[in-house]
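Trainee: Have a look at this one.
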Ligand code: E4P
């Protein structure tokens, strides 16, 4: 499974990149708004750290505008994936941009037919938001299971990015289903590494090491 970081924060990206397990980054306008840096500079700076796919979101709503915005965003580098919300206009734009070899990440997916249509239009990635579904009382992971199963049935090359992850179990369950990618907030990424018994074990071993004759 590939690990993407769901952030636009350069310190977080630099840190996780240094762990040696980072495959890509996803951003969105809300994450961008938290950073005190002009948008284009931020995209460029992320590109200097990450060689894997970097998702950057379009905010246009009509297909011709999404296409123009997507082309402009893609100029920032060959690893830019243009994020487009799933709408009819978004589908039209996805078909055109994908046809030009631009990676499209269809975002704000909340149902399996939405994912199926995005794959059919040529999206490189689909991003189902599981945490937001859990928040409203639906089982987000059921959606991942359906999408992964559908894509397998027809050998769609579209990769499933499990998005809106809230805790480590989301990552484990996504891996058991066989989702291609999890995009994970920094705080959850840290929780994936840590366990109190590991900390306790290190503390005890270090204490005992002090008693070993050298
Ligand atoms: C995915 O690409 C989105 O940036 C993200 O996962 C949204 O998650 P949220 O529900 O925590 O905002």
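Trainee: Does residue 99 satisfy the condition of being surrounded by fewer than 24 Cβ atoms within 10 Å (Cβ to Cβ) and either within 13 Å of the ligand (Cβ to nearest atom) or without any contact (Cβ under 8 Å) to a residue 12 or more places away in the chain (or both)? Steps first, answer last, please.
Mentor: Values: surrounded by fewer than 24 Cβ atoms within 10 Å (Cβ to Cβ): yes; either within 13 Å of the ligand (Cβ to nearest atom) or without any contact (Cβ under 8 Å) to a residue 12 or more places away in the chain (or both): no.
So residue 99 fails the test.
Trainee: Can you say whether residue 174 is in contact (Cβ under 8 Å) with a residue 60 or more places away in the chain, in contact with a strand residue (DSSP E or B) (Cβ under 9 Å, 6 or more places away or on another chain), surrounded by 19 or more Cβ atoms within 10 Å (Cβ to Cβ) and assigned to a helix (DSSP H, G or I), as far as the supplied structure shows?
Mentor: Working: in contact (Cβ under 8 Å) with a residue 60 or more places away in the chain: yes; in contact with a strand residue (DSSP E or B) (Cβ under 9 Å, 6 or more places away or on another chain): yes; surrounded by 19 or more Cβ atoms within 10 Å (Cβ to Cβ): yes; assigned to a helix (DSSP H, G or I): yes.
For residue 174, the condition - in contact (Cβ under 8 Å) with a residue 60 or more places away in the chain, in contact with a strand residue (DSSP E or B) (Cβ under 9 Å, 6 or more places away or on another chain), surrounded by 19 or more Cβ atoms within 10 Å (Cβ to Cβ) and assigned to a helix (DSSP H, G or I) - is met.
Trainee: May I pose another question? Can you tell me which residue among 199, 134, 208 is part of a helix (DSSP H, G or I) and either surrounded by 11 or more Cβ atoms within 10 Å (Cβ to Cβ) or at positive phi (or both)? Walk me through it before giving the result.
Mentor: Values: 199 fails: either surrounded by 11 or more Cβ atoms within 10 Å (Cβ to Cβ) or at positive phi (or both); 208 fails: either surrounded by 11 or more Cβ atoms within 10 Å (Cβ to Cβ) or at positive phi (or both).
134 is the lone residue from the list that is part of a helix (DSSP H, G or I) and either surrounded by 11 or more Cβ atoms within 10 Å (Cβ to Cβ) or at positive phi (or both).
Trainee: If you don't mind, another one. The conditions are (1) farther than 17 Å from residue 4 by Cα; (2) away from the ligand (no atom under 15 Å from the Cβ); (3) touching a residue at least 12 places away in the same chain (Cβ under 8 Å); (4) not in a helix (DSSP H, G or I), and residue 71 fails exactly one of them. Which is it?
Mentor: (4)
Trainee: Answer yes or no as to whether residue 208 is more than 16 Å from the ligand (Cβ to nearest atom) and more than 24 Å from residue 17 (Cα to Cα).
Mentor: It is true that residue 208 is more than 16 Å from the ligand (Cβ to nearest atom) and more than 24 Å from residue 17 (Cα to Cα).
Readers should treat all values here as calculations from the given coordinates under stated rules, not as data from a laboratory. Because the structure is predicted, anything quoted here is derived from the model rather than measured. Positions of Cβ are backbone-derived with ideal geometry, glycine not excepted, and every protein chain shown enters the neighbour counts.
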